[in-house]
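Since the structure comes first, as structure tokens, the remarks are kept for the end.
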Amino acid sequence: MNDRRDAALQYAHENRPRFLDELKEFVRIPSVSTDPGAKGEMQHAAEWVAEQMHGLGMEKVKIYPTAGHPVVYGELLKAGADKPTALIYGHYDVQPAEPLELWHSPAFEPTQRGDNLYGRGASDMKGQVVISLKAVESLVRNGGLPINVKFIIEGEEEVGSPSLGDFIAAHKDLLACDFAINPDTGMMGADIPTITYGLRGLAYFELRVSGPDHDLHSGQFGGVVHNPAQVLCELIAGMHDEQGHITLPGYYDSVRPLDAEEREELGRLPTDEAFYLKQTGAPALDGEAGYTPVERVGARPTLEVNGLLSGFTGEGSKTVLPARAMAKISMRLVPDQDPEEVHQQLLRYLEEKSPGTIRWELIKMAGGPASITDRHLPAVQSLEKSLEAVWGKPASFRREGGSVPVVAQMADILGVDSVLTGFGLPDDNLHAPNEKIHVPTFYNGIDAFIHFLSNLAE
């Protein structure tokens, strides 16, 4: 291990309390990208990131406006032309905190209980952004970065990154790099260093069903007028068969099959049925027949209902036949599936299955393709060495069920692969009340990132 790396690690250890305090500052900013009333807080969060970059001596630091929320950019290119250039991605926006009554402490007042720091965005992904910034700081303060680094931190990831593709396309020269680093994934456990090499894509829709032009008395009109809520439920129920297969026409035609070698590798992961039962609290698991839980989560496509709304849902009773019903539906896609093709498949299903007694409308809200990275890339191998140096054991490789649209955008527009890492844990309650980050893993993440940036130079 070289002197610069040793000094950076020592610096990081000595400054752990300050690093955690700065994460708390970041988490206090309620940067909820989906909230129209949070525009000022979104700007505040972008300014916080830019201030961090200025403090590290980064150049060309700028908050770029977009059609939505701004993108923050900064660079440090002092390592020399013979060293690689990495583009580090992150996002400063967070999910809404609701339902607020389920939080044990205020969502935007970070609170430490034991080894965990609770607060919206603590893990997803403000904690990961701070990990990357503090690793860079530790190296900058102790001899300088061994590679060239660019940062792009956006504010719309939690709403599907609608402005990011246009930004990347318009700034291709600015963002030119040898590879991207994306710390927006996680680990399978605090003692299980993990490298994610595959991400599922996303297709997200709102399905609206309507019938009469106003709500009706269910006693006077029930049995005469087709209930839109009933139709919606029947349409959704028909989207899966008894084996858990999705019934949209042609849905599996483009799905890349799992070969025997990859199934064997995934089978080595410590994520069996008991793991998912413990993480979820569900009484039993469900899913596509013929596949293990870890295969269903990372390597097979899904169709899920994310929300339902219709009729009277207040306290007490009201005998109403609702005029409208609505469902939010998302599909997680695997390599070779096209979000637009899936959109057409859902349209064909609705055209074939919807009765003439109602009207329906399908609104496409977000989408992005899946991605998969070669596990043998030199940058991936550098990350593997880094994780082993901190955790003292080999890293596990997995496909993750979530979606990070920027990975596909980096590949399509910039022509670069993304190395996926991150230090969130399965029980961090992402997108849910009581989101948290495990503080010892937060510190280990900074150490691992220092090793990673150092290994990339070698």
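Here are some notes:
- Per-region count, the stretch 332-355, residues under 17 Å from LEU232 (Cα atoms) and in contact (Cβ under 8 Å) with a residue 60 or more places away in the chain: 8
- Those strands (runs of 3 or more DSSP E) of the stretch 129-199 in which 3 or more residues are hydrophobic (A, V, I, L, M, F, W, C) and assigned by TED's automatic domain parsing to the domain that holds ALA38 occupy 148-154, 179-182.
- With respect to the conditions (1) touching a residue at least 12 places away in the same chain (Cβ under 8 Å); (2) under 19 Å from GLN128 (Cα atoms); (3) within 26 Å of the chain's Cα centre (by Cα), HIS69 lacks only one, and its number is (2).
- Inspection of the stretch 74-96 identifies at least one residue that is at positive phi and surrounded by fewer than 24 Cβ atoms within 10 Å (Cβ to Cβ).
- Qualifying residue in the stretch 140-160 (condition: farther than 26 Å from ARG16 by Cβ, crowded, with 17+ Cβ neighbours inside 10 Å and touching a helix residue (DSSP H, G or I) at 6+ places or on another chain (Cβ under 6 Å)): yes
- Count of residues meeting criterion [surrounded by 20 or more Cβ atoms within 10 Å (Cβ to Cβ), outside any loop (DSSP other than H, G, I, E, B) and in contact (Cβ under 8 Å) with a residue 24 or more places away in the chain] in the stretch 21-47: 7
- The residues listed here are GLU273, GLU304, GLU295, GLU264; of these, the one that is out of contact with any Leu (no Cβ under 7 Å at 6 or more places or on another chain) and either closer than 17 Å to ARG399 by Cβ or modelled with pLDDT under 95 (or both) is GLU264.
- Failed condition for ASP215, given (1) touching a Ser or Thr at 6+ places or on another chain (Cβ under 6 Å); (2) outside the structural domain of SER31 (by TED's automatic domain parsing): (1)
- Subset of the stretch 393-430 [surrounded by 19 or more Cβ atoms within 10 Å (Cβ to Cβ), of a type in the set (Asp, Glu) and more than 17 Å from VAL129 (Cβ to Cβ)]: GLU400, ASP417
- Scanning the stretch 211-244 for residues that are touching a residue at least 60 places away in the same chain (Cβ under 8 Å) and among the aliphatic types (A, V, I, L, M) returns LEU216, VAL225, ALA229, VAL231, LEU232, LEU235, ILE236, MET239.
- If you check ALA97, ALA107, ALA79, ALA67 for being under 19 Å from LEU425 (Cβ atoms), hydrophobic (A, V, I, L, M, F, W, C) and assigned by TED's automatic domain parsing to the domain that holds ALA190, only one passes: ALA107.
The values are calculated or read from the model by the stated rules, or taken from the named source; none is laboratory data. Worth saying up front: this structure is predicted, and the values here are computed from it rather than measured. Cβ: placed from backbone, ideal geometry, glycine included. Neighbour counts: every protein chain shown.
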